[in-house]
């Protein structure tokens with residue numbers, strides 16, 4: 001039953017994303033490709049973003065490139081429950097958007113089994129320094145460790161590096 005609920009959320013994400021980006025996102029898309037990002041220095045945020053895209057067989061989604069930056073910065077996978085938890089973390093960090101509200105409300109309603117994980121993620125975002133408003137395109141050359149240290153506590157960074165934020 002949980003798999004069917006996850007499939008429903010995936011369907012909703014895929015179809016709402018196109019509508020949302022065409023209606024609400026008016027800024028220019030980045031000019032970087034995954035291949036470009038993989039050319040950045042090994043320790044850079046841009047290189048880590050390229051590796052994340054490569055690992056998941058993705059390219060940057062035009063006009064919502066920042067979303068993949070959040071994944072890399074915060075250490076969340078692309079599993080459905082992690083996508084929702086990441087939105088909760090961003091909400092805790094002060095991000096507000098119609099898409100975020102929809103993802104959180106529907107995510108909690110459809111997958112309430114992960115409520116503790118969502119709440120933990122919200123609290124992490126609340127405790128972190130604000131990062132939701134950054135212009136990530138300008139931060140691609142910054143060492144990822146420096147970027148994380150400016151946002152998260154040492155224990156949160158350890159959890160990110162050890163991949164134990166997940167439920």
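One table, with the values for the structure above:
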item: Matching residues in the stretch 86-102 - criterion: being part of a helix (DSSP H, G or I) and farther than 18 Å from residue 73 by Cβ; result: 98, 99, 101, 102
item: Unique residue being in contact with a helix residue (DSSP H, G or I) (Cβ under 6 Å, 6 or more places away or on another chain), under 25 Å from residue 6 (Cα atoms), modelled with pLDDT of 95 or more and surrounded by fewer than 21 Cβ atoms within 10 Å (Cβ to Cβ) when the list is 142, 104, 84; result: 104
item: Selection within the stretch 1-11 - under 17 Å from the mean Cα position of the chain (by Cα) and either within 11 Å of residue 111 (Cβ to Cβ) or at pLDDT below 70 (or both); result: 9
item: Helices (runs of 4 or more DSSP H) completely within the stretch 107-167 that count 2 or more residues being farther than 23 Å from residue 9 by Cα and either within 15 Å of the chain's Cα centre (by Cα) or in contact (Cβ under 8 Å) with a residue 40 or more places away in the chain (or both); result: 144-149, 154-161
item: Residue count, the stretch 17-74 (criterion: in contact with a helix residue (DSSP H, G or I) (Cβ under 6 Å, 6 or more places away or on another chain), in a helix (DSSP H, G or I) and at pLDDT below 90); result: 1
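The rows are residues; the columns are (1) within 13 Å of the chain's Cα centre (by Cα); (2) farther than 14 Å from residue 9 by Cβ.
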position	(1), (2)
49	yes, yes
57	no, yes
68	yes, yes
72	yes, yes
82	yes, no
87	yes, no
102	no, no
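The values are calculated or read from the model by the stated rules, or taken from the named source; none is laboratory data. Just so you know, these numbers come straight off a predicted model, no measurement behind them. Every residue, glycine among them, receives a Cβ derived from its backbone with ideal geometry; neighbour counts consider all protein chains shown.
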